[in-house]
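Written out below as structure tokens is the structure these notes cover.
The values are calculated or read from the model by the stated rules, or taken from the named source; none is laboratory data. As the structure is a prediction and not an experimental result, all values here were calculated from the model. Counting neighbours? That spans all protein chains shown, and the Cβs are built from the backbone with ideal geometry, glycine included.
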Ligand SMILES: NC(=O)c1ccc[n+]([C@@H]2O[C@H](COP(=O)([O-])OP(=O)(O)OC[C@H]3O[C@@H](n4cnc5c(N)ncnc54)[C@H](O)[C@@H]3O)[C@@H](O)[C@H]2O)c1
């Protein structure tokens, strides 16, 4: 089947493109390289360098396509509070463009990258799909709005869609890994310190109601996440009109200081840490219940080890540094 991956030059999208090619799919990638990297797009995928905003290229990239996987978004919580208009345009407006173009072409299958950020401060743990949604940032607001828009598109126009709400994604797979600029994610930041590319890691907030006072997050290996996308794609076959929503995490939380300790152990580097105030909008604990994805999609996370995620990310960084 020919599929379009929007955002296939980014971290998660590029791993999923590589897995789709391995599975024998024909893959087109549409990416404006705003945060992605041309060299992350696997050979064998047809590449269109443009934003979804660009109607002509969007339509060309959709030729012959049966399903779309949509990763294209701005995804930095802090930045979204400074320039919310950029987030609404990119994450909601451009997704609206994509849905319109798919409708025009009769493309009825979509897998969408949603996020745990739609839930906001948890009222109970672990967080399942029934948990109330109350985002604490413009980023989370735009993703929740996109989910709701997709739900309405499904019921009105027979689209079959799956929104996957990822918790914290980590690790590397198939020679592809995380390199955001600027980097805001904990594990790549720790590796930058370990590899001497950054002075110290700032831990934001030490007075959260957790055992060591730092935030707790649920980490999922990018390879397990890619598997969930392949299963979600299968789940869109022959079910027009349905919007499915699944949380994806490992159901186990690690505090920032636990991740620091694991990174020190894996890298054998001291990794200097400094402590700063809380960042606005950071919930104390985010841990997923992924039972529904396991039951309905048959998803089984095979790489839940935090150390393995850090090790894989480290290998990717080292390979990148050595060219
Ligand atoms: N990384 C995480 O931990 C995480 C967690 C939850 C949700 N997500 C979501 O997963 C998706 C992928 O995240 P990522 O970490 O791989 O980010 P990323 O920034 O590495 O990838 C996003 C890609 O989309 C492209 N893009 C952005 N807007 C576009 C547009 N309008 N048209 C075409 N291309 C566009 C970028 O150039 C980039 O290559 C995002 O939607 C993000 O919100 C990520």
For this session: Being in a loop (DSSP other than H, G, I, E, B) and either touching a residue at least 60 places away in the same chain (Cβ under 8 Å) or on the phi > 0 side of the Ramachandran plot (or both) is the filter here, so list the residues in the stretch 183-198 that pass it.
Result: 184, 195, 196
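Please find, among 211, 228, the residue that is in the same structural domain as residue 38 (by TED's automatic domain parsing) and either assigned to a helix (DSSP H, G or I) or over 15 Å from residue 296 (Cβ atoms) (or both).
228
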Exercise. What do you reckon, is residue 261 without any contact (Cβ under 8 Å) to a residue 24 or more places away in the chain and surrounded by fewer than 21 Cβ atoms within 10 Å (Cβ to Cβ)?
Worked result: yes
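Can residue 23 be described as away from the ligand (no atom under 13 Å from the Cβ), out of contact with any helix residue (DSSP H, G or I) (no Cβ under 6 Å at 6 or more places or on another chain) and over 18 Å from residue 143 (Cα atoms)?
On the way: away from the ligand (no atom under 13 Å from the Cβ): yes; out of contact with any helix residue (DSSP H, G or I) (no Cβ under 6 Å at 6 or more places or on another chain): yes; over 18 Å from residue 143 (Cα atoms): yes.
The answer is yes for residue 23.
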For this session: Restrict the check to the stretch 100-107 and report whether at least one residue is within 24 Å of residue 216 (Cβ to Cβ), over 15 Å from the mean Cα position of the chain (by Cα) and without any contact (Cβ under 8 Å) to a residue 12 or more places away in the chain.
Result: no
Seminar exercise, completed: Only unsatisfied item for residue 2, checking (1) more than 20 Å from residue 147 (Cβ to Cβ); (2) more than 8 Å from the ligand (Cβ to nearest atom); (3) crowded, with 16+ Cβ neighbours inside 10 Å; (4) touching a residue at least 60 places away in the same chain (Cβ under 8 Å), is (3)
For this session: Go through the residues of the stretch 181-198 one by one and say whether even a single one is more than 15 Å from the ligand (Cβ to nearest atom) and closer than 30 Å to residue 295 by Cβ.
Result: no
Exercise. Is there a residue being assigned to a helix (DSSP H, G or I), near the ligand (Cβ under 9 Å from one of its atoms) and in contact (Cβ under 8 Å) with a residue 60 or more places away in the chain anywhere in the stretch 39-48?
Worked result: yes
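Would you mind stating whether residue 60 is part of a helix (DSSP H, G or I), free of Cβ contacts under 8 Å to residues at least 40 places away in the same chain and more than 30 Å from residue 282 (Cβ to Cβ)?
In short, yes.
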For this session: Looking only at the stretch 85-94, decide whether some residue is outside the structural domain of residue 280 (by TED's automatic domain parsing), in contact with a strand residue (DSSP E or B) (Cβ under 8 Å, 6 or more places away or on another chain) and within 12 Å of the ligand (Cβ to nearest atom).
Result: no
Problem set entry | Looking only at the stretch 155-177, and only at residues there that are more than 14 Å from the ligand (Cβ to nearest atom) and in a strand (DSSP E or B), the one that is surrounded by the fewest Cβ atoms within 10 Å (Cβ to Cβ) | 160
Exercise. Applying the selection to the stretch 63-84, what residues are farther than 30 Å from residue 282 by Cα and within 14 Å of the ligand (Cβ to nearest atom)?
Worked result: 68
Seminar exercise, completed: Quick count over the stretch 108-140, residues being in contact (Cβ under 8 Å) with a residue 60 or more places away in the chain and more than 12 Å from the ligand (Cβ to nearest atom), is 12
Seminar exercise, completed: All conditions in (1) assigned to a helix (DSSP H, G or I); (2) modelled with pLDDT of 95 or more; (3) in contact with a helix residue (DSSP H, G or I) (Cβ under 9 Å, 6 or more places away or on another chain) are true of residue 79 except (2)
